[in-house]
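Every number here is computed from the coordinates shown, using simple stated rules; none is lab data. Source: prediction; values computed, not measured. Note that each Cβ is placed from the backbone with ideal geometry, even for glycine, and that neighbours are counted across all protein chains shown.
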Amino acid sequence: MQTSMHGRKRRPAARAVTALVGALVLMLGIASPAAAQADLEPGEIASSRNLRLVHNIPRTGVSANDIHSDLAFHGDLLIQGTYGGLNFYDISRPLQPKLIQQIACPGGQGDPTVSPDGTLVFMSVDAPRSDSSCNSSSSSAANPDAWEGVRIFDISDLSNPQYVAAVRTDCGSHTHTLVPGETDDVLYLYVSSYGPNANFPNCQPPHDSISIIEVPLDDPASASVIAKPNLFPDGGAPGTAGCHDITVVPELEIAGGACMGEGVLLNISDPTDPYVIERVTDPNFAFWHSATFSNDFSKVIFTDELGGGSAATCREDLYPERGADAIFDIVGEGDDRELVFRSYFKIPRHQTNQENCVAHNGSIIPVDGRDLFVQSWYQGGVSVIDFTDSDNPVEIAWFDRGRLQPQQLGGSWSAYWYNGYIYSSDITQGLDVLRFFGDGDVAQARRIELDHFNAQTQYHIDTNTRGRG
C-alpha cells in the first residue's frame, strides 16, 4: 500500500526572551523552549533539572581520535562502536563505569550488536578497506577487491577477544539488525546499506535489497550471506535505494524499516524472506533514518536525518517538521496493518549554525501506561519526550553541551535507557552516563533489569516485573 502524508504545520518553538526566564525554568525543573540557549559557551553544559550528567569517560586509547558511534549492552557490559574499533565498559557501577577492553579494528561506522548469550559481537563496516583484517587500510570504493561488511568477534573470554569471521556484503554494512532464528542454534543479521554507484563494482544500482547473514552459533566462523531480498521489487519512492535502519519485533514477527525515501512495515514471519506490508512517504522527510516502536507496539517513531547528521538543522529558521521525528499509530492486524501519521516532534531548543543537530538514535523508557522516548540529537544533546498522546508529543527532559570549538562534527550519536540509566555515546566526548529523575513511573522503571539490549531488536518490556531483554 502506497500512501502519502502531508504533515500538519506547527509554529517554530519560541526562543527564550530573557536569561531570567531560563533561570526560572531550570529552578522549576521544567523542560521548555526557554530552557536552553543557542549561545552556550564551548564546553558549557546545560540541562533540565530532572536529567543530570553523573559520569563521563573521555575518548581514550585506540579510539582517541575516532568517531564514537552506536551502543549495545549485555549484563554489566556496555559495548561502544567507534570508527577505530570497539570499546568495552564495565557498568556494574553506573556512577563509576570503567573502560576494560578495546579492540583496534578500523572501519566506519562500527555499529555493534551482541548475541543474547553475550559471547559474540557483530560490527558493521561501511567503508571500503584493503582487506577484512584489523590491519587493513582505507581503500577506494572503485577497487573490486575492497572489503566492507560485518565483522564477528568472540568475546566469551573478554581478556582475549577473538576475530572469528568477516562477511562481505553489497554496499557494505551501514547498520545491521540482530534477528533471532527459528531455533536456538542460529541467528540472522539484516544488513542495511545504500549508496549504489555504477562506478563501484561492489555496490551496483539498483540496490533496494538488504543482505541476510546466517550465523550458526556453534560455528560462527561459517557465517555467510544466505539471501538478498529486494524489498521494493515494484520500485521505491524517489530517493529510496536501500535501507538505513530496520528494527525488528520478534514477538509480533514484524519490523519497521527506515528506507531512505520512505518508512515501511515488514512481515518477518520467515526471517529469511521478509517482505513489505505497508509503505509511507512524507514530503517533509529528507532521509528516513530509524524506526522505534512503543512498548505496546501500537506506535512507531521514524526519524529524519536531514543533512546526514553533519548539518545544523535545529536552527530557528528551519521548519519544525524538518529533521524531526514523525509519530505514527499502527492500526489493523497482520498484513493489513497501516501506518497513520499523527504528529512531528523536534527539540524546541534552537542550536547555532555551527552545531550539527538532527533527530538520531534513541530507545523507549519502560514506564507503565506512558510512552517515553529518549533520543540523541547530535550537538542538540539528549532529549526525553512523552508521546503517550500521539498528537501532542512533549519534551520532558533534556541535556545539552555547548558547541564544539573549533567547529566540528560532534554530539550525542546514540542515547539509550538501560537498567535505570541513560547512556549516551558522544562522538567526541566519549561516554556519558545520565540519570533521569522523575515521578513514580520513572522510579519504577529504574527497577527493571534487562539481560541485554540491541536497539534494533525490540521486545515488549513488562513494566510490572523485572522485564526482559
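Please compute the length gained on full extension between residue 230 and residue 319, using 0.36 nm multiplied by the number of residues separating them and subtracting their Cα-Cα distance. Please report the intermediate quantities before stating the final value.
Values: separation 89, 0.36 × 89 = 32.04 nm, distance 3.40 nm.
Computed gain between residue 230 and residue 319 is 28.6 nm.
Using a cut-off of 15 Å between beta-carbons, work out the net charge of the residues near residue 176 (Lys and Arg +1, Asp and Glu -1, residue 176 not included).
Surrounding charge for residue 176 is -4.
Report the charge-dipole magnitude of the chain in Debye, nearest 20, computed about the Cα centre from +1 at each Lys and Arg Cβ and -1 at each Asp and Glu Cβ. Intermediate values should be presented prior to the final figure.
Values: 30 positive and 59 negative charges, 381 e Å.
Value, rounded to 20: 1840 debye.
Give the order of 178, 99 when sorted by the count of other beta carbons within 10 angstrom, beginning with the fewest.
In increasing order of surrounding Cβ atoms, one gets 99, 178.
For the chain, what is the mean residue ellipticity at 222 nm derived from helices alone (per DSSP H run of n ≥ 4: -39500 (n - 2.57); sum divided by total residues; nearest 500 deg cm²/dmol)?
Taking each H run of at least 4 residues, the total per residue is -1000 deg cm²/dmol.
Can you give the longest run of the chain that contains no GluC sites (Glu not before Pro) sitting in a DSSP loop with at most 14 other Cβ atoms inside 10 Å? Working shown, then result.
Numbers: sites that count: 44, 182, 251, 316, 333, 449.
Within the chain, the longest run free of exposed GluC sites (Glu not before Pro) spans 45-181.
Mark the label point 7 Å from the Cα of residue 162 along Cα→Cβ and return the residues of the stretch 220-259 whose backbone N is within less than 14 Å of it.
220-223
Neighbour counts of other C-beta atoms within 10 Å: give me 67, 422, 364 arranged from fewest to most.
Least to most surrounded, the residues fall as 67, 364, 422.
How would the chain be classified by its alpha-carbon gyration tensor: rounded, prolate or oblate, with rounded meaning a/c under 1.5 and the a/b versus b/c comparison settling the rest?
Because its axes are fairly even, with a/c under 1.5, the chain counts as rounded.
Separation of the stretch 399-469 and the stretch 229-262 by C-alpha centroid, Å?
About 25 Å separates the Cα centre of the stretch 399-469 from the one of the stretch 229-262.
Please compute the length gained on full extension between residue 338 and residue 275, using 0.36 nm multiplied by the number of residues separating them and subtracting their Cα-Cα distance.
Contour length minus the Cα-Cα distance gives 21.2 nm.
If we count every other residue with Cβ under 10 angstrom of residue 203's Cβ, Lys/Arg +1 and Asp/Glu -1, where does the sum land?
-2
Work out from phi, with θ = phi - 60° and the Karplus expression 6.51 cos²θ - 1.76 cosθ + 1.60, the ³J(HN,Hα) of each residue of the stretch 328-339, listed in order in whole Hz, and give x for Gly and Pro.
The phi angles translate into 10, 8, 9, 10, x, 9, x, 6, 9, 4, 10, 9 Hz.
From the phi angles alone, apply the Karplus equation (6.51, -1.76, 1.60; θ = phi - 60°) to the stretch 105-115 and give each ³J(HN,Hα) in whole Hz, x where the residue is Gly or Pro.
7, x, x, x, 10, x, 4, x, 9, 10, 5
Near the amide H of residue 100, under 5 Å away, which other amide H atoms are found, from residues 5 or more places off or on another chain, if H is placed in the peptide plane?
Residues meeting the criterion, in which the H sits 1.01 Å from N, are 88, 89, 90.
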